[in-house]
1. Largest first and in whole Å, give the semi-axes of the range A:257-316's equivalent ellipsoid, each being the square root of 5 times a Cα gyration tensor eigenvalue.
2. Sort the following peptides by mean Cβ neighbour count (other Cβ atoms within 10 Å, averaged over residues), highest first: B:173-186, A:217-230, B:246-259.
3. Order the following by accessible area, largest value first: B:233, A:155. Probe radius 1.4 Å; ligands, DNA and RNA are ignored.
4. Kindly report the accessible area of the protein assembly as shown per residue (heavy atoms of protein chains, probe 1.4 Å, no ligands, DNA or RNA), in Å².
5. Suppose only helical runs count, i.e. DSSP H with n ≥ 4. What mean residue ellipticity at 222 nm does that imply for the protein assembly as shown under -39500 (n - 2.57) per run, divided by all residues and rounded to the nearest 500 deg cm²/dmol?
6. Quick one: how many Å² of residue B:143 are accessible to a 1.4 Å probe, rounded to 10?
7. Could you sort out which of A:25/A:209; A:25/A:200; A:74/A:198 sit more than 26 Å apart by Cα distance in this structure?
8. With everything on Cα atoms, drop me the angle between helix B:271-292 and the longest principal axis of chain B, reported from 0 to 90° to the nearest 10.
Amino acid sequence: MGRTEVRDGTGGTGDAVIRLDGVCKVFDVYRRTGLLRRERREVRAVDGISFEVARGETVGYIGPNGAGKSTTIKMLTGILVPSGGSVRVAGIDPSRERTRLARRIGVVFGQRTTLWWDLPLRDSYDLVRRMYRVEPARFRANLDRCVDLLDLGPLLEVPVRQLSLGQRMRGDIAAALLHDPEVLYLDEPTIGLDVISKAKVRQFLAEVKAAGATTVLLTTHDLTDIEQLCERVMVIDHGRLVHDGDLAGLHAVGASERVLVVDFARELPAVDVPGARTVRVEGPRQWLSFPASASAAPLVAEVAARYPLVDLSVREPAIEEVIARLYGDRASL
Amino acid sequence: MADAGVPRAGRPVRPFPPGEPVPPEEPAWRRPADGLRAYGLIVGMWTRSALAYRLSFVMMTFGNGALTALDFAAVAIIFGHTTRLGGFSLAQTAFLYGTSGMAIGLADLLLGSMDGLGQRVRDGTLDAMLVRPVPVFVQVAADRFALRRLGRVSQAALVLAWSLSRLDVAWTPGTVLLLPVMLVSGAAIFSAVFTLGAAFQFRFGDASEVQNSFTYGGNALTQYPPTVFAKELVRGATFVVPLAFVNWLPATLILGTPQPLGLPRWVDWVSPLVAAAVCAAAAVAWQAGLRSYRSTGS
Ligand SMILES: Nc1ncnc2c1ncn2[C@@H]1O[C@H](COP(=O)(O)OP(=O)(O)O)[C@@H](O)[C@H]1O
Ligand SMILES: [Mg+2]
């Protein structure tokens, strides 16, 4: 697959497919304060963000509501013109060459469909094929895979407006991949979905990721998405990047803790092992809390050596809490 | 291409291998052709999907034609009481009616979905159009294309044909050529007005009423002789929103009627130039509007 060079020949530098440098987006918001008077207020939706995403990476982009995630994605697709800073996607300035970039990216908005409301899925896909000039054989292969992996078979003849949210989302995700985009933006692709639809979407995205050809930027509220799909996570708050690293790093920064749940052969007083704190005792079961950034293995070995261990499990921290703590830190600065 | 032959049975080993290299950018001179092609694609899709419900399609088209036929009946009724309207005979008025109706009918057929732009801006669905490799203008114009709008064009064409059969015109090569030119220019002028209206909707989400008052109002205006309106209105339609160039002015050359504002005769020939100018203005306004689009917050 010696095609990376081909793509980079179009102006991308190095292996960064997405590159943001000091990007800002300011909205003027007007509020009526009287019959004729309006008050102008600036909303800095994105306030000086810089990051790079390498080819083939799957990156999570998280933050509370109104943090600026969607605004960032809109600038990365060319929908919005940045107020400042520079944006490059596959070597292209999105807002200047939006139509040219469109062929190379796929976009899924969880909140609203990119498909044609009144057309059956199959017709929508056919239109996508012609618009993007996808070669018929390649289109068929991609469509077959999407139909297979996303269970779209029974839905192809149904007009988009009659699909359930979960079905529509699967339909949208397929549509975004039919032209083999280099970059896939997913803005809250699991929002409002039931557990089964969420699982299908995740499993599908895991397959896309495994193929390694697509760079994915994923915005979500569901941290399980991030845990299952992203090796790297960026946290945005009030338009600023507050964390960029792996999940473990996020735990370390957030000083979060994992919990080792151990079942002993009999009831014991609260055990005392270095590097952990016993936070709860219930009959023969005890809960030992330890830093999320530390490995569980030495702790398990220590406990097993000293006490009659029957069973154990490790509970990951809820990332919501981690992020809340991160925000808390920033708020107190 | 290498994976095109992967058998359907069994899970493919590597879904979504990288695609073919992205083709180099098309040269700028190809872009209008690309836009037209995309327009054709979208229009074809909507037409096929409308034809799938053949009965409803036939009924809609028929209903459309019947409604517009009633529309001309209103004009004919006026002539039940008088033989002249502002100095124009029924056949001459029918000529104005037919040319105006064909011009706006063609514009409406081609760009009729433009007034839905405000709605798309307000609910944020324009975003979906902005991420496709097809000009937004083409997508908005072709959205929900309805072939039944041909009903209006055909009705106006019939009225025009009837008027030509009744009129006593001293045709010259110039006026023979002028007839199609004025129809095309008229359609272009109305299209430009549609586009200008839409461009404002980027900023002022619900300007579609204003746009409609210029387009459909302009149609209502130009299907009657200019002599029945106040001079100020005719001046406005000549110098401000140049609807007089749709038919009033060029028609004086064919019908031999007096120039409504007493302007020099050459003014009656310049409809194509005026059409080109308003189209250019509309294009600039559209670009500016698109540039100022700010999507919607969640
Ligand atoms: N089109 C817009 N006009 C005005 N304000 C906007 C617009 N889009 C977003 N905002 C504001 O910018 C901020 C960031 O919004 P957004 O990027 O949608 O956040 P997120 O996707 O992280 O929830 C919010 O305060 C939002 O109200
Ligand atoms: Mg959002």
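1. 17, 12, 10
2. Result, highest mean first: B:246-259, A:217-230, B:173-186.
3. B:233, A:155
4. Using a 1.4 Å probe on heavy atoms only, each residue of the protein assembly as shown averages 45 Å².
5. Theoretical 222 nm ellipticity from helices: -15000 deg cm²/dmol.
6. 10
7. Beyond 26 Å: A:25/A:209; A:25/A:200.
8. 40
The values are calculated or read from the model by the stated rules, or taken from the named source; none is laboratory data. Just so we're clear, the structure is a prediction, and the values are computed from it rather than from any experiment. Counting neighbours? That spans all protein chains shown, and the Cβs are built from the backbone with ideal geometry, glycine included. Just the protein is used for accessible areas: all its heavy atoms, side chains included, with ligands, DNA and RNA removed. Shrake-Rupley method; radii C 1.70, N 1.55, O 1.52, S 1.80 Å.
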